[in-house]
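Some notes on the structure that comes next.
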Amino acid sequence: MRVFWMFRIIISLFIGVVIVALNFTNSWAEARMTTNATYKSFSNAVIQAEVGLHVGLYGINVTLRGNPIVQFNETINYNEMFSWHDIVEEEYEQALVKGLPNPILYIVEKFTLSSPCGMIFQYRQSGRFASATLWTAFCCWMLANILFSLPVVLYAGYMTMATAAFIFFSMASFSTIMNVPRCVFSIGEDSFVTEYSHSFWLALATGLLCTIVGIFVVMLNFLMPEKIKAAFSAGFDSCEVKDQSCREGYLNSVFLNGDINLPVTPKVTPECP
């Protein structure tokens, strides 16, 4: 029983933490490459660096790391975040004012409203719907944990499967970014396109785990309801368990009927000397 409770708590915490973390990670889709590119505008300096694009539900994260990291007496190690909630054009203008390297500016420009790729529209809407369904999955997970502590294990299994369903809905929503014409990012002589990354596959694994747990609980509830309820501490009264006898009790009929006449003891006042 202790081992069962340990696994139950670990699995429950794992599912909850993953659902919350997936909303804020920037690795739903990624692309990276190592290439030679122009470092800054109005300069002929060419650097060898690793360029990375990391797509999340709330924005993109662009990285640039030199190979080696120090070139032209500068440390080339950039990690810039651009959010969907803000106006991308304003963030792009701020990046121009800051003088960020050309590879970063080139990638961010692809997500502006004026870009012919039109990636910002699909990516922003997909991220919003995916985030909304993930938060709904988190609510279903919380409700499932509450139901597991009550004598309604069957409905807890249903809510666990509902959690899995909403996780799959979020994945389907994010997958719509692949329906738009895939814009190719060309930097220097190399190019790359985004592919599904760690967060997407982690969401898939979590959804499958919730599905397995939900189906397992529902099946056991129909096959052996007494044992599954006892396992989740939602068992019967001790008198209802098989192979266990209850001692007979005796009721005081006089007390129940109210026919109790307590003797009245007269109060004796002591005499004073």
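The values are calculated or read from the model by the stated rules, or taken from the named source; none is laboratory data. Since this is a predicted model, take the numbers as computed values, not measurements. Positions of Cβ are backbone-derived with ideal geometry, glycine not excepted, and every protein chain shown enters the neighbour counts. With ligands, DNA and RNA removed, areas are computed over all heavy atoms of the protein, side chains included. Shrake-Rupley method; radii C 1.70, N 1.55, O 1.52, S 1.80 Å.
Remarks
- Remark: accessible surface ordering of Leu154, Leu134 (largest first) is Leu154, Leu134, probe radius 1.4 Å.
- For segment 6-23, the Karplus equation 6.51 cos²θ - 1.76 cosθ + 1.60, evaluated at θ = phi - 60°, returns couplings of 5, 5, 5, 5, 5, 5, 5, 5, 4, 5, x, 5, 5, 4, 5, 5, 5, 5 Hz by residue, with Gly and Pro reported as x.
- Applying the Kirkwood pairwise sum to the alpha-carbon positions of segment 141-217 produces a hydrodynamic radius of 14.6 angstrom.
- Averaged over its residues, segment 37-100 has an accessible area of 55 Å² per residue, based on protein heavy atoms and a 1.4 Å probe.
- Taking θ as phi - 60° and the Karplus parameters 6.51, -1.76 and 1.60, the scalar couplings of segment 164-176 work out to 4, 4, 5, 5, 5, 4, 5, 5, 5, 5, 5, 5, 5 Hz in sequence order, x denoting glycine and proline.
- Net charge dipole size for segment 70-204 [Lys, Arg +1 and Asp, Glu -1 on Cβ; Debye, nearest 20]: 640
- Under 14 Å, Cβ to Cβ, from Ile104 - net charge with Lys/Arg +1 and Asp/Glu -1: 0
- Two-decimal Rg/Rh across segment 86-146, once Rg and the Kirkwood Rh are taken from alpha-carbon atoms: 1.24
- Nearest-10 value in Å² for the accessible area of Arg128, using the 1.4 Å probe: 120
- Protein-only accessible surface order, largest first, of Cys139, Cys210, Cys117 at 1.4 Å: Cys139, Cys117, Cys210
- Computed about its Cα centre, the charge dipole of segment 1-147 is approximately 620 debye, with only Lys, Arg, Asp and Glu carrying charge at their Cβ.
- For Glu30, the accessible surface of its heavy atoms amounts to roughly 40 Å² (probe 1.4 Å, protein chains only, rounded to the nearest 10).
- Accessible surface ranking that places the most exposed of Ser131, Ser186 first, with a 1.4 angstrom probe: Ser186, Ser131
- Relative contact order, percent, segment 43-162 [alpha-carbon distance under 8 Å, six or more residues apart]: 17
- Take every pair of alpha-carbon atoms less than 8 Å apart whose residues are at least six positions apart; their mean separation over the length of segment 105-174 yields a relative contact order of 34 percent.
- Positive minus negative residues near Met1 (Lys, Arg vs Asp, Glu; Cβ under 15 Å): +4
- The portion of the accessible surface of segment 27-151 made up by carbon and sulfur, rounded to a whole percent, is 56 (1.4 Å probe; DNA, RNA and ligands excluded).
- Comparing segment 7-71 with the 2.2 N^0.38 Å rule of thumb, its C-alpha radius of gyration ratio is 1.68 (two decimals).
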